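Peer 1: The structure is given below, and queries will be raised subsequently.
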Amino acid sequence: MQGADDELPRLITALREIEMRLEELTGGEVDAVADHEGRPFLLRHAQEQLHHVEVARQAAILNALPANIALLDMRGVVVSVNAAWRQFADANALHNPGHAVGIDYLAVCDGASGNDAEIAHEAAAGIRSVLDATARTFSLEYPCHSPITQRWFMMTVTPLAGVQPHGVVVMHIDITAEKLAEANLRSSESRFRQMAETINDVFFLRDAPTNRVLYVSPAYAEVWGRSCESLYANPESWDESIHPDDRLATQQSCAKGMLAPSTFEYRMVRPDGSVRWIQSRRFPIRDLAGSVFRVAGVAKDITERKQAEGELRESERRFSDMLDNVELASVMLDREARITYCNDYLLRLTGWRLDEVVGRNWFDQFLPAQRGDLKPFFKALLANSPEVWHRENEILTRSGELRSMRWNNSVLRSPDGDVIGSASIGEDITERKAADEVLAKHTAELERFHRLSVGRELQMIELKKELNALAKQAGNAPPYDLAFLDQQPSKRRQMP
């Protein structure tokens, strides 16, 4: 036995020397070798070194991750944490010195109290479910607000890799940005829905590849006379409601709306047979690759506007017919005195064609010599001053003739009441003015002749008075009867 006892230390020493020699020969990069018969020999020092390298590599990876990570053993005790966990603990004073290494994490969660107790208890239950393998993984979203900042985290629990369970990885990921984005999105969606559901226009959103209706506002039921649910169930019912005479053109306009913003109008037939006019505006929405994946739009019921436009056109037609059949000139100007309308009578009177007049400046076209004097008048007319509602002036015809016109003027207003121009109806008084001038001349000559005649008659009466007086002086009867001079005016006015 003594020899065997002496031999054992020598063998151990020789084995260590051989192991050290093998490690030198392999550069410490091999953890086992085999003899010529294939039997392996473990190199303990190399294995320890490789283990330390692997541990350091794993620690570097964990420390590089932004999430707060801790490793728990099967008892729920913290055995390791990464840098993010330590930094969060230091900043928030949530853990004991040592950054919670060695702390029973389950006990901390079980002992939580206050507002966050329920969340902590749920977290402990989730960790235990992964430790005892009743759950593969566990996740939990929870708030973690500070006095000055709102924060949310997601905790995930996964088992440590290995054949036999020997712990879990607990990871807390900051999801504050996502939560705030979700809150903003919900707020934005809420505001949109409040707007979309309280106005009369129909808002809609379609999926471009499938044409599926993703959203339509409640106004659809009011305008189309069909339920929103029927449109979700059958998106084609939208196209089927289009008036047959407008369907092809509308489908072509819709196709254009898939590529660029577009606006178009069409007629829609409701289930009760009534026809409504619709104005549709469509806007394509593109993804990051530039492909259209959504189409948003607004559909507006413009039936009343269309009816009003029809009535206005009919009224304008009747008004135009009336002006074209009376011997009066009619002209409309915008605020810059450009001609927007004139009737046939004015064209016949002046010798111009319609295309030579519309769009031209009224003063340059018909009043070139007077435009400087009449522009203040036009300014006063736009101000609706009463002193310019009626006016006479001359206009120049294409042949260079001047025609005298008497105008009745008024302002034109937009539906909002703003002055947008003027309207004038004029009477050609050229011949009348010429006749008045001739009449005035003849009247003046007659008055002059009358004055001359009356003067001679008075002279004859005075002469007859003198002759009668001389006859009386001579004792003779007066030769002239002037008794009518002694009659009273009142007696001359009496009826016989």
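The values are calculated or read from the model by the stated rules, or taken from the named source; none is laboratory data. Predicted model only: the values in this text are computed from it and were never measured. Cβ coordinates were reconstructed from backbone atoms using ideal geometry, including for glycine residues, and neighbour counts include every protein chain displayed.
Peer 1: Counting only residues that are modelled with pLDDT under 90 and assigned to a loop (DSSP other than H, G, I, E, B), which one in the stretch 137-149 is surrounded by the most Cβ atoms within 10 Å (Cβ to Cβ)?
Peer 2: C144
Peer 1: A further question follows. Out of G421, G359, report the one residue that is on the phi > 0 side of the Ramachandran plot and either out of contact with any strand residue (DSSP E or B) (no Cβ under 9 Å at 6 or more places or on another chain) or not in a loop (DSSP other than H, G, I, E, B) (or both).
Peer 2: G421
Peer 1: Restricting attention to the stretch 268-289, report how many residues are surrounded by 11 or more Cβ atoms within 10 Å (Cβ to Cβ) and farther than 26 Å from G225 by Cβ.
Peer 2: 3
Peer 1: Turning to a different aspect of this structure: Say whether the condition of being in contact with a strand residue (DSSP E or B) (Cβ under 8 Å, 6 or more places away or on another chain) and under 19 Å from V81 (Cα atoms) is met by at least one residue in the stretch 109-120.
Peer 2: Within the stretch 109-120 (the criterion being in contact with a strand residue (DSSP E or B) (Cβ under 8 Å, 6 or more places away or on another chain) and under 19 Å from V81 (Cα atoms)), the answer is no, since none of the residues qualifies.
Peer 1: Go through (1) more than 41 Å from the chain's Cα centre (by Cα); (2) loosely packed, with under 15 Cβ neighbours inside 10 Å; (3) within 21 Å of R338 (Cβ to Cβ); (4) modelled with pLDDT of 85 or more one by one and return the number of the condition E401 breaks.
Peer 2: Just one mismatch for E401, condition (3).
Peer 1: Can you tell me which of (1) under 15 Å from G421 (Cα atoms); (2) crowded, with 16+ Cβ neighbours inside 10 Å; (3) not hydrophobic (A, V, I, L, M, F, W, C) is the one R335 doesn't meet?
Peer 2: In the conditions (1) under 15 Å from G421 (Cα atoms); (2) crowded, with 16+ Cβ neighbours inside 10 Å; (3) not hydrophobic (A, V, I, L, M, F, W, C), R335 misses (2) alone.
Results for (1) in a helix (DSSP H, G or I); (2) surrounded by 11 or more Cβ atoms within 10 Å (Cβ to Cβ); (3) of a type in the set (D, E, K, R), shown as yes or no for each residue.
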residue: F377; (1), (2), (3): yes, yes, no
residue: R391; (1), (2), (3): no, yes, yes
residue: W407; (1), (2), (3): no, yes, no
residue: E445; (1), (2), (3): yes, no, yes
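Peer 1: In addition: Looking at the stretch 406-451 only, could you name the residues that are under 26 Å from L346 (Cα atoms) and of a type in the set (V, I, T)?
Peer 2: The answer is V411, V419, I420, I425, I429, T430.
Peer 1: If I ask for residues that are touching a residue at least 12 places away in the same chain (Cβ under 8 Å), surrounded by 14 or more Cβ atoms within 10 Å (Cβ to Cβ) and assigned to a helix (DSSP H, G or I), which ones from the stretch 201-228 would you list?
Peer 2: If the condition is that a residue be touching a residue at least 12 places away in the same chain (Cβ under 8 Å), surrounded by 14 or more Cβ atoms within 10 Å (Cβ to Cβ) and assigned to a helix (DSSP H, G or I), then A219, Y220, V223, W224, C228 are the ones that fit.
So that you can scan it fast, the table gives a plain yes or no per residue for (1) among the hydrophobic types (A, V, I, L, M, F, W, C); (2) in contact with a Cys (Cβ under 6 Å, 6 or more places away or on another chain); (3) modelled with pLDDT under 80:
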site	(1), (2), (3)
M171	yes, no, no
A181	yes, no, yes
N184	no, no, yes
E189	no, no, yes
S217	no, no, no
E222	no, no, no
R226	no, no, no
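Peer 1: Return yes or no: is I339 part of a strand (DSSP E or B) and within 38 Å of the chain's Cα centre (by Cα)?
Peer 2: Yes: the conditions hold for I339.
Peer 1: Do you know which of the residues in the stretch 91-108 that are touching a strand residue (DSSP E or B) at 6+ places or on another chain (Cβ under 8 Å) and surrounded by fewer than 17 Cβ atoms within 10 Å (Cβ to Cβ) is modelled with the lowest pLDDT?
Peer 2: So the residue we want is G102.
Peer 1: Say we look at the stretch 290-316 and pick out the residues that are more than 21 Å from A249 (Cα to Cα) and hydrophobic (A, V, I, L, M, F, W, C); which of these is surrounded by the most Cβ atoms within 10 Å (Cβ to Cβ)?
Peer 2: Taking the candidates together, the pick is V292.
Peer 1: How about the stretch 365-375: which of its residues are surrounded by 16 or more Cβ atoms within 10 Å (Cβ to Cβ) and either modelled with pLDDT of 80 or more or farther than 25 Å from D355 by Cα (or both)?
Peer 2: Q365, F366, L367
Peer 1: For A308, indicate whether it is at pLDDT below 90 and farther than 30 Å from F377 by Cα.
Peer 2: The answer is yes for A308.
Peer 1: Let me ask something else. Could you tell me which of the residues I339, I425 is within 29 Å of A308 (Cα to Cα), touching a Ser or Thr at 6+ places or on another chain (Cβ under 6 Å) and β-branched (V, I, T)?
Peer 2: I425
Peer 1: Regarding T198, is this residue modelled with pLDDT of 85 or more, polar (S, T, N, Q), out of contact with any Leu (no Cβ under 9 Å at 6 or more places or on another chain) and more than 25 Å from M154 (Cα to Cα)?
Peer 2: Taking the combined requirement at face value, the residue does not satisfy it.
Peer 1: Out of all the residues in the stretch 424-434, is one or more polar (S, T, N, Q) and either modelled with pLDDT of 80 or more or under 30 Å from K379 (Cβ atoms) (or both)?
Peer 2: Yes, because at least one residue in the stretch 424-434 is polar (S, T, N, Q) and either modelled with pLDDT of 80 or more or under 30 Å from K379 (Cβ atoms) (or both).
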